[in-house]
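Presented below is the structure to which this report refers.
The values are calculated or read from the model by the stated rules, or taken from the named source; none is laboratory data. The structure displayed is predicted, hence computed values, not measured ones. Note: ideal-geometry Cβ built from the backbone for every residue, glycine included; neighbour counts use all protein chains shown.
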Amino acid sequence: MNQYKKGEIVTGCVTGIEKYGIFVSLDDYYSGLIHISEISDFFVKNPADYVYIGETIKALVIDDSDIDSYHVKLSIKNIDYKFSKRRNRKIIETPKGFSTLKRLLPVWISQKTKEMQKNMQKN
């Protein structure tokens, strides 16, 4: 069982997002809360704009862990909390462009319409 100390950078998994903050699981025992005031120096309207459930992030321990409740106060303010940033890749257009979609969309719509009509007749 780990005990977390103030100033330590820890790794955890986001398990919940509420309007007041982000819940993070650190290990089998400890969990932490990143209060909305510890997300950014700027106004935070929605914590879900910063993380998603299931994401692994880094966080700063801002107070020693509470050994009675197994709770840790965390912050992502002023640290690089993401493990990897998405890199925008240039989309390479295929020679056919949207022509395949243009050709097949009416066929798919027709097939789905027939399927729906069959289902309606059964009920």
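Miscellaneous remarks
- Residue 20 vs. criteria surrounded by 10 or more Cβ atoms within 10 Å (Cβ to Cβ), out of contact with any helix residue (DSSP H, G or I) (no Cβ under 9 Å at 6 or more places or on another chain) and hydroxyl-bearing (Ser, Thr, Tyr): no
- Test: residue 47 is of a type outside the set (Asp, Glu), crowded, with 17+ Cβ neighbours inside 10 Å and more than 18 Å from residue 3 (Cα to Cα): yes
- Of all residues in the range 11-70, exactly one satisfies the criterion of being on the phi > 0 side of the Ramachandran plot and in contact with a Pro (Cβ under 7 Å, 6 or more places away or on another chain), namely 21.
- Pairs are defined by a Cβ separation below 9 Å, a sequence spacing of at least 6 or placement on different chains, a first member in the range 80-99 that is closer than 27 Å to residue 12 by Cβ, and a second member that is modelled with pLDDT of 80 or more and among the basic types (Lys, Arg); the pairs so defined are 80/58; 81/58; 82/58; 83/58.
- Cβ-Cβ under 8 Å pairs, at least 6 apart or on other chains, the range 54-66 side acidic (Asp, Glu), far side assigned to a loop (DSSP other than H, G, I, E, B): 63/6; 64/3; 64/4; 64/5; 64/6
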